[in-house]
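A quick write-up on the structure given underneath.
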Amino acid sequence: MKAMILAAGRGERMRPITDTLPKALVRVGGKALIGWHLERLALAGITEVVVNLSHLGSQIKTTIGNGSQYGLEIHYSKEHEALETAGGVVQALPLLGAGPFLLLNADIYCEMDLTALVPVIENMRTRSCEALAHLILVENPEHNKNGDFALHGAKVSLSGKLLTYSGVGVYQPAMFHGIQNGAKEKLGPLLREQIAANRISGEFFSGYWVDVGTPERLRLLDEQLGTRSAL
């Protein structure tokens, strides 16, 4: 099983920290954000991880290397200019292969047991599965009070009680068909198109999750995890 961590973004909201440090390497609870992800992916039985790189990407590559310290095999997808979420995935598809894969935003902290998504991945391998993606939704944080998508049973909808997309999901490569390699493309419009076509499933996660999008949220998360960061 494979996963991709989206780590190419500039991290504008995290400035000035991200002027000299990529957002994936900001530290909370004594380790880099990307380190938390890699540990949880390994525990879930993921064996290969693709990390896309752009802004200060060499620092990420130097820090996590080939993944052996996590029991993983890490591959890198270098973007000369950040391609947005969907564009970054498209460029990485040759590394991800033909099967469904986990997709994680680097700039979140999420205590979900990713093992719970293994059956989703396995189901997506079957011909009977029509879903192009499976999204993990959470309660709306203060900075996203209006939410993103709703859940109607196991289906994601554009109407109803809106929740927030956590930045964790399982995706089929077919979700990204039609996007030209090297194009800058956001994920949101693509998701809305397929949600309207009833081709996106999802579930609610009630555990601890933080969008580590600003220095203030980073500080609060670090305090909650019981240690001070050395940024």
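Brief remarks on what is shown
- Flag for Leu151 being within 23 Å of Gly97 (Cβ to Cβ), free of Cβ contacts under 8 Å to residues at least 60 places away in the same chain and touching a strand residue (DSSP E or B) at 6+ places or on another chain (Cβ under 7 Å): no
- Scanning segment 42-66 for residues that are part of a helix (DSSP H, G or I) and buried (at least 21 other Cβ atoms within 10 Å of the Cβ) yields Ile60, Ile64.
- For beta carbons closer than 7 Å, sequence separation of 6+ or different chains, a first residue in segment 116-136 that is in a loop (DSSP other than H, G, I, E, B) and a second that is buried (at least 16 other Cβ atoms within 10 Å of the Cβ) and hydroxyl-bearing (Ser, Thr, Tyr), the qualifying pairs are Ala131/Ser201.
- As for segment 89-106, it holds at least one residue that is buried (at least 22 other Cβ atoms within 10 Å of the Cβ), under 19 Å from Arg10 (Cβ atoms) and small (Gly, Ala, Ser).
- Residues that are more than 19 Å from the chain's Cα centre (by Cα) and surrounded by 13 or more Cβ atoms within 10 Å (Cβ to Cβ) within segment 159-178 comprise just one, Leu162.
- Among the residues of segment 141-173, the ones that are modelled with pLDDT of 95 or more and assigned to a helix (DSSP H, G or I) come to 1 in all.
- Test: residue in segment 24-31 that is in contact (Cβ under 8 Å) with a residue 40 or more places away in the chain, closer than 21 Å to Val210 by Cβ and assigned to a helix (DSSP H, G or I): yes
The values are calculated or read from the model by the stated rules, or taken from the named source; none is laboratory data. The shown structure was predicted, so the numbers you read here are calculated from the model rather than taken from an experiment. Counting neighbours? That spans all protein chains shown, and the Cβs are built from the backbone with ideal geometry, glycine included.
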